[in-house]
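First comes the structure, then the notes that go with it.
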Amino acid sequence: MIEIVTEVDLFHPPARIWRALTERALLAKWFADSAPGSDRWILATAALPGYDADTEVETVELRAPDRLVVRCREAGRATRLACDLTPTAHGTRLSVREVLEEGDWDADARAEQHEQAVTGRLPAILDWLAFQNVDLRRAEGGLTAELPVVRLLGDDQRRPGRRRVLLAAGAVTLIAAAAGATVWATAGEPPAPAAPAPTTSLVMPSSAAPSVRPTTARPTPSASRRSASPSPTPSPTPSRTPSPTPSTVVVAPLSATYETVTDRVFGYRGEVVLRNPGPAPRPTWTVTVTLHDGATVGSVSGAEATQDGPVVTFTGSALPGGESATIRFDVRDPDPSHNAPTACTTENTPCIPA
């Protein structure tokens with residue numbers, strides 16, 4: 001029998017930690033995304049160290065907010081994972097114990113993943129939840145737009161009681177705990193608004209009659225008595241050449257797709273692919289994305305961006321017919337449950353999920 005045990009003392013009450021363990025949106029931020037199934041749910045662990053595929057999870061015991069036990073199946077192996085929460089004088093002691101029941105695994109890589117998740121990313125989510133509770137001026141707006149600074153602790157400043165034990169075939173091996181997952185959030189002020197494009201005035205030809213130059217009357221000499229001057233023959237009036245009728249160019253509406261390509265603890269990276277299906281080029285285009293309250297856009301590639309409150313407007317240069325343009329942008333959002341904008345449109349047409 002092989003089991004991995006990770007224990008950490010957290011300065012948070014059990015109820016708050018229970019939320020992070022069981023709520024899908026919070027679990028996705030510090031461990032892995034999940035999707036419900038018929039009688040089980042799926043954890044997206046295929047890309048995590050120590051895992052070879054996604055994990056099927058079945059709940060065995062659920063006793064809020066003290067104990068959660070699940071059975072996991074992943075890549076031909078079966079494990080039993082138990083999370084126990086014990087109140088302490090300063091918060092809660094969280095014990096995560098995973099026992100291998102069937103198959104084989106890389107125990108060191110699995111233990112490292114437990115360590116990074118439980119002692120690094122989980123405390124960041126708990127700190128954010130605590131920050132929401134003490135933000136007494138939240139109703140006034142604007143206070144939570146800037147995130148609290150999370151300082152990384154050195155080896156001599158780490159939280160007490162953090163340890164991980166790896167037991168193999170009855171032999172106990174002590175592994176030093178190493179906290180220190182970096183909480184990354186897209187930083188940076190939103191770019192300065194782009195200068196508005198100059199407005200081109202269209203000069204239409206006037207339909208009024210042309211102006212007539214004034215003439216000066218001159219005296220006409222009297223006719224000779226011997227011979228009368230013949231009256232002048234009027235010159236023919238030239239006919240006007242009709243102007244050519246302009247041809248009509250059909251401009252097809254643009255289409256766009258949206259995808260969240262990276263999900264972070266306090267933000268995400270979005271991607272919009274804009275397509276021009278028609279034959280005629282589009283000299284300019286606009287994509288509008290609406291963020292959640294308090295979120296700001298950071299670095300942008302593929303377009304110029306301006307932000308007005310939660311609304312971000314992306315503009316770009318000419319888009320030839322049959323071509324596409326890709327916009328990528330980083331969003332800093334103080335709410336870790338947000339991983340996408342609330343809306344995305346181009347020319348009032350909603351973006352399609354990629």
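The values are calculated or read from the model by the stated rules, or taken from the named source; none is laboratory data. The structure presented is a predicted model; accordingly, all values stated were derived computationally and were not measured. A quick note on method: Cβ atoms are made from the backbone with ideal geometry, for glycine too, and the neighbour counts reach across all protein chains shown. For accessibility, only protein heavy atoms count, side chains too; no ligands or nucleic acids. Shrake-Rupley method; radii C 1.70, N 1.55, O 1.52, S 1.80 Å.
For this structure, a couple of remarks:
- Any hit, region 40-57, residues being assigned to a helix (DSSP H, G or I), closer than 22 Å to residue 125 by Cα and open to solvent by less than 80 Å² (accessible area, probe 1.4 Å): no
- Some residue of region 7-16 being surrounded by 13 or more Cβ atoms within 10 Å (Cβ to Cβ), modelled with pLDDT under 90 and acidic (Asp, Glu): no
- Candidates 298, 278, 322 - the one that is in a strand (DSSP E or B), surrounded by fewer than 20 Cβ atoms within 10 Å (Cβ to Cβ), touching a residue at least 40 places away in the same chain (Cβ under 8 Å) and not hydroxyl-bearing (Ser, Thr, Tyr): 298
- None of 268, 258 is under 26 Å from residue 124 (Cβ atoms), assigned to a strand (DSSP E or B), modelled with pLDDT of 90 or more and touching a strand residue (DSSP E or B) at 6+ places or on another chain (Cβ under 8 Å) except 268.
- When region 17-35 is limited to residues that are open to solvent by 20 Å² or more (accessible area, probe 1.4 Å) and over 23 Å from the mean Cα position of the chain (by Cα), the one that is nearest to residue 74 (Cα to Cα) turns out to be 22.
- Lone unmet requirement of (1) surrounded by 13 or more Cβ atoms within 10 Å (Cβ to Cβ); (2) modelled with pLDDT under 85 for residue 73: (2)
- Matching residues in region 73-90 - criterion: being over 17 Å from residue 6 (Cα atoms) and either assigned to a strand (DSSP E or B) or under 34 Å from the mean Cα position of the chain (by Cα) (or both): 73, 74, 75, 77, 78
- Enumeration of residues in region 301-319 that are in a loop (DSSP other than H, G, I, E, B), open to solvent by 30 Å² or more (accessible area, probe 1.4 Å) and closer than 27 Å to residue 278 by Cβ: 302, 317, 318
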